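Below is one structure, written out as structure tokens; comments come after it.
The values are calculated or read from the model by the stated rules, or taken from the named source; none is laboratory data. Only a predicted model underlies this, so the values are computations on that prediction, with no experimental measurement involved. Positions of Cβ are generated from backbone atoms using ideal geometry, with glycine treated the same way; all protein chains shown enter the neighbour counts.
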């Protein structure tokens, strides 16, 4: 017999403390938050989602790792940019853990683009998308009025831009200017600019505040980041939807923003925008004076030409007294000819009537002649009627005789035809009855049919165990095929037929 070893006792944990899951999770959370309370992380946004509560959920990733991130609603409104998938950013915030899922994540407090290259790519992608929607189409742009009564300006009230615009307008053609003060960079600048454009468009015609005839959205020069407010989608859409013609004057001549594509006209500088909004008053006055002189000269030349044509026409016309005298002479001549015209006409008509009367015959002669012709025609008609009547009577007698003879012949022919047809029908019936396979069954033969009721012409096509029916002259029986089917033998080669031999082969019954 072999002895069995006693069971091993559990190893004692000694002095190692035990932790609950919650304690481990809290310890890790405190460690992570204390160690990474302020970090800046560069990465590409992926899986961006804006929750209905206003919180932003996304992930920052690079080529080797992914970091979950969240931006609470209060911080999301102050980011200064609209996060999108594929955008490379630098996020500032802190790391924390989520014990419910054993995950760690970054709480983002600020965000900025990772570089100018990424910013330019973002702007180019946004430009293509807005252009595809038709916001930059030329047919949406409105013509700038030649001389607006009121000019609306959207810019900062403290910068040099508004002073340059007012100074240039005063030099060229003073107009009434309405300023809508806005922030031109920083947080909330885009919303203020869009609200200003929409606010000018919302002013009613004839209201206490006059509605501008043209708008100028202006800002001085700056870096690409400083001009970002004029690249925001909200501002571009407001400019494209403006019913008032809009002039964009953002930055210097080399600066280009997205509002330039949506505006009715782009000016390289705010001063140039003021020049495009109004003409030069002195030049306009000189032009009006020149046009006025040309109009006066043209009017005087036209009057002089009309006066000369009137003088020449007056000289070519005869004296009125001579016209009256000529008319009086023609009137006397027409009156004299009119007095003689009526008697002459009556004389001509009377002579014409006498000539025609001499050519007419007396009515009695015409009546006698027509009566004689009528008598002759009546006599001829009577003779013709009697001849036709006699011919018709003779024809009727002959036709009646022919009709009787034809009727007799028709009856005899119908009887003979019916007898012939009856004999043919009887002969065909006997022939058909002799050809029927039932006559063959009466001589001791049988017909085999398959389950579908079709005749079986060969044993080779019957499978063992197949259900068959055999039909005799006095009825049918059901049978089942058994055994192996005989092999199909090739048909015998036909014996050459000799002259004088009859056809002794039996034909198929079916």
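Right, residue 144: assigned to a helix (DSSP H, G or I) and within 27 Å of residue 276 (Cα to Cα) or not?
In short, no.
Consider only pairs whose beta carbons are under 7 Å apart and that are at least six residues apart or on different chains; among these, list those whose first residue lies in region 37-59 and is touching a residue at least 60 places away in the same chain (Cβ under 8 Å) and whose second residue is outside any strand (DSSP E or B).
Pairs that qualify, where the first residue is touching a residue at least 60 places away in the same chain (Cβ under 8 Å) and the partner is outside any strand (DSSP E or B), are 42/114.
Considering each of 238, 194, 229 in turn, give the residue that is surrounded by 21 or more Cβ atoms within 10 Å (Cβ to Cβ), at pLDDT below 90 and over 23 Å from residue 170 (Cβ atoms).
Unique residue meeting the criteria: 229.
Conditions (1) touching a helix residue (DSSP H, G or I) at 6+ places or on another chain (Cβ under 6 Å); (2) in a helix (DSSP H, G or I); (3) closer than 30 Å to residue 169 by Cβ, marked per residue:
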position: 268; (1), (2), (3): no, no, yes
position: 284; (1), (2), (3): no, yes, yes
position: 288; (1), (2), (3): no, yes, yes
position: 292; (1), (2), (3): no, yes, yes
position: 300; (1), (2), (3): no, yes, no
position: 307; (1), (2), (3): no, yes, no
position: 311; (1), (2), (3): no, yes, no
position: 321; (1), (2), (3): no, yes, no
position: 328; (1), (2), (3): no, yes, no
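Hand me the list of strands (runs of 3 or more DSSP E) wholly inside region 11-101 holding 1 or more residues that are in the same structural domain as residue 234 (by TED's automatic domain parsing) and under 30 Å from residue 229 (Cβ atoms).
Here the list is empty.
Within region 169-184, track down each residue that is outside any loop (DSSP other than H, G, I, E, B) and in contact with a helix residue (DSSP H, G or I) (Cβ under 7 Å, 6 or more places away or on another chain).
169, 172, 177, 179, 180
Taking residue 251 and the conditions (1) touching a helix residue (DSSP H, G or I) at 6+ places or on another chain (Cβ under 7 Å); (2) without any contact (Cβ under 8 Å) to a residue 60 or more places away in the chain, which numbered condition does it fall short on, given that it satisfies the others?
(1)
Residues in region 62-95 that are in contact with a strand residue (DSSP E or B) (Cβ under 6 Å, 6 or more places away or on another chain) and either within 23 Å of residue 24 (Cβ to Cβ) or without any contact (Cβ under 8 Å) to a residue 40 or more places away in the chain (or both): how many?
12
With 215, 123, 135 as the choices, which residue is in a strand (DSSP E or B), closer than 14 Å to residue 259 by Cα and under 44 Å from the mean Cα position of the chain (by Cα)?
One residue alone meets the criteria, 215.
List pairs: first residue in region 272-298 and on the phi < 0 side of the Ramachandran plot and without any contact (Cβ under 8 Å) to a residue 40 or more places away in the chain, second residue part of a helix (DSSP H, G or I) and surrounded by 11 or more Cβ atoms within 10 Å (Cβ to Cβ) anywhere in the structure, Cβ distance under 9 angstrom, at least six positions apart or on different chains.
From residues that are on the phi < 0 side of the Ramachandran plot and without any contact (Cβ under 8 Å) to a residue 40 or more places away in the chain, the pairs are 272/168; 282/172; 283/172.
For residue 130, all conditions in the list (1) in contact with a strand residue (DSSP E or B) (Cβ under 9 Å, 6 or more places away or on another chain); (2) buried (at least 16 other Cβ atoms within 10 Å of the Cβ); (3) at pLDDT 90 or above hold save one; what is the number of the exception?
(1)
On the basis of being touching a residue at least 40 places away in the same chain (Cβ under 8 Å) and either surrounded by 15 or more Cβ atoms within 10 Å (Cβ to Cβ) or within 21 Å of residue 25 (Cα to Cα) (or both), does residue 121 make the cut?
Answer is no for this residue.
Mind telling me which of the residues 161, 182, 209 ends up being surrounded by 14 or more Cβ atoms within 10 Å (Cβ to Cβ) and under 47 Å from the mean Cα position of the chain (by Cα)?
So the residue among 161, 182, 209 that is surrounded by 14 or more Cβ atoms within 10 Å (Cβ to Cβ) and under 47 Å from the mean Cα position of the chain (by Cα) is 182.
Among the numbered criteria (1) modelled with pLDDT of 90 or more; (2) surrounded by 22 or more Cβ atoms within 10 Å (Cβ to Cβ); (3) not in a loop (DSSP other than H, G, I, E, B), which one does residue 275 miss?
(2)
Taking region 64-80 on its own, how many of its residues are modelled with pLDDT under 90 and surrounded by 15 or more Cβ atoms within 10 Å (Cβ to Cβ)?
4
Which of the residues that make up region 185-209 are free of Cβ contacts under 8 Å to residues at least 12 places away in the same chain and in a loop (DSSP other than H, G, I, E, B)?
188, 203, 204, 205, 206, 207, 208
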